[in-house]
Structures are given as structure tokens and as C-alpha cells.
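*Asks:* Handing you this structure, nothing more for now.
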Amino acid sequence: MSRLRPALALALTLALVASPAAAAATEDFKVVVHPDNPAAEVDRAELSRLFLKKVIRWPDGMAVQPVEPAAGTLREAFASRIHGKSLNALRSYWTQLIFSGRDVPPLERSGDAEVVAYVRATRGAVGYVSSAAELGGVKVLAVRR
């Protein structure tokens with residue numbers, strides 16, 4: 001009987017992780033670009049490089065203009081899932097670049113509506129917003145693992 005409990009716990013854990021509700025919980029943001037951007041999808045590593053400004057041009061030569069919402073749970077989720085880092089680690093990364101005079105962090109906007117408005121008005125822009133955001137005038141990119 002004692003062997004059954006760990007096996008049952010493992011089976012329940014696997015069922016929860018594989019459930020649609022668990023999958024939905026990991027998709028709490030959408031990546032958006034200007035509608036003229038030819039990209040339809042991006043992988044997580046490339047998305048991280050775009051926001052860390054390690055990639056500064058889209059494949060068509062257009063300058064990448066990353067924009068983020070103000071610090072909060074959405075930004076924490078993006079940092080964790082896309083960069084694999086904490087917000088403190090990202091602050092440290094940007095502090096080093098700022099003080100060495102090499103770069104500055106992505107633009108910051110106060111919320112979803114402001115991020116969407118910036119992306120809609122800026123050809124090379126890429127941003128992320130909550131899944132519930134109104135997305136009029138922008139294109140959503142699929143994010144591959």
C-alpha cells in the first residue's frame with residue numbers, strides 16, 4: 001500500500017501538468033508585433049535575444065523595437081518563461097550594460113493598452129501583453145519552445 005501512494009501521487013501530478021488548465025496557466029501572455037511584420041512565429045530563445053537586444057534587426061532589416069509592460073506579475077512570468085531568469089537577474093544584466101554605456105533596457109509602458117498602442121504605431125516593435133488584452137491593430141506571434 002505504501003508503494004501505491006507515491007505512484008498515485010505521481011500519476012495525479014502528471015495528469016495535472018498535462019491538463020488543458022495547466023497548459024492555459026502557462027500561457028498568460030501574448031507576444032505582439034506590428035501587422036506589417038512578416039514573422040508569424042518565434043522561438044523562445046530568439047524572443048529572449050530580441051528583448052535582451054542581442055538581435056537588433058528583423059530578418060527583413062527592420063530595427064527591432066522591444067517594449068515591455070511595467071514591472072509586475074506579467075513581467076515576472078515573461079522573464080521566467082522566456083529568459084529563464086528572475087527580474088533581479090535581468091535588472092543586473094541591464095545595470096551592467098547601462099553603466100558600461102553599451103545599451104539601455106527595452107521601452108516600458110504602463111499597461112497592455114499602451115504596449116499595444118506602441119506596437120501598432122511602430123513597424124519594428126515587439127511586445128508582450130496579458131492574454132486578456134485587446135489586440136486591435138497588432139499581430140500575435142506564436143511562440144515555439
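*Asks:* Got a sec? Which strands (runs of 3 or more DSSP E) wholly within segment 83-145 have at least 3 residues that are over 13 Å from the mean Cα position of the chain (by Cα)?
*Replies:* Working: elements: 107-109, 125-130, 139-144.
Once the strands (runs of 3 or more DSSP E) in segment 83-145 are filtered for at least 3 residues that are over 13 Å from the mean Cα position of the chain (by Cα), what remains is 107-109.
*Asks:* Sticking with this structure for a sec: A71 is checked against (1) aliphatic (A, V, I, L, M); (2) out of contact with any strand residue (DSSP E or B) (no Cβ under 7 Å at 6 or more places or on another chain); (3) at pLDDT 95 or above; (4) assigned to a loop (DSSP other than H, G, I, E, B) and fails just one. What number does that condition carry?
*Replies:* Going through (1) aliphatic (A, V, I, L, M); (2) out of contact with any strand residue (DSSP E or B) (no Cβ under 7 Å at 6 or more places or on another chain); (3) at pLDDT 95 or above; (4) assigned to a loop (DSSP other than H, G, I, E, B) one by one, A71 breaks only (3).
*Asks:* Another question, then. Restricting attention to segment 15-39, which residues are in a loop (DSSP other than H, G, I, E, B) and either at pLDDT 95 or above or of a type outside the set (A, V, I, L, M, F, W, C) (or both)?
*Replies:* So the first thing to find is which residues in segment 15-39 are in a loop (DSSP other than H, G, I, E, B), and the list is 19, 26-28, 34-39.
Listed by number, the residues that qualify are S19, T26, E27, D28, H34, P35, D36, N37, P38.
*Asks:* Taking A79 and the conditions (1) surrounded by 13 or more Cβ atoms within 10 Å (Cβ to Cβ); (2) touching a residue at least 24 places away in the same chain (Cβ under 8 Å); (3) of a type in the set (G, A, S), which numbered condition does it fall short on, given that it satisfies the others?
*Replies:* The failed condition is (2).
The values are calculated or read from the model by the stated rules, or taken from the named source; none is laboratory data. Just so it is clear, the structure is predicted and the values come from calculations on it, not from any experiment. So basically every Cβ, Gly included, is an ideal-geometry build from the backbone, and we count neighbours across all protein chains shown.
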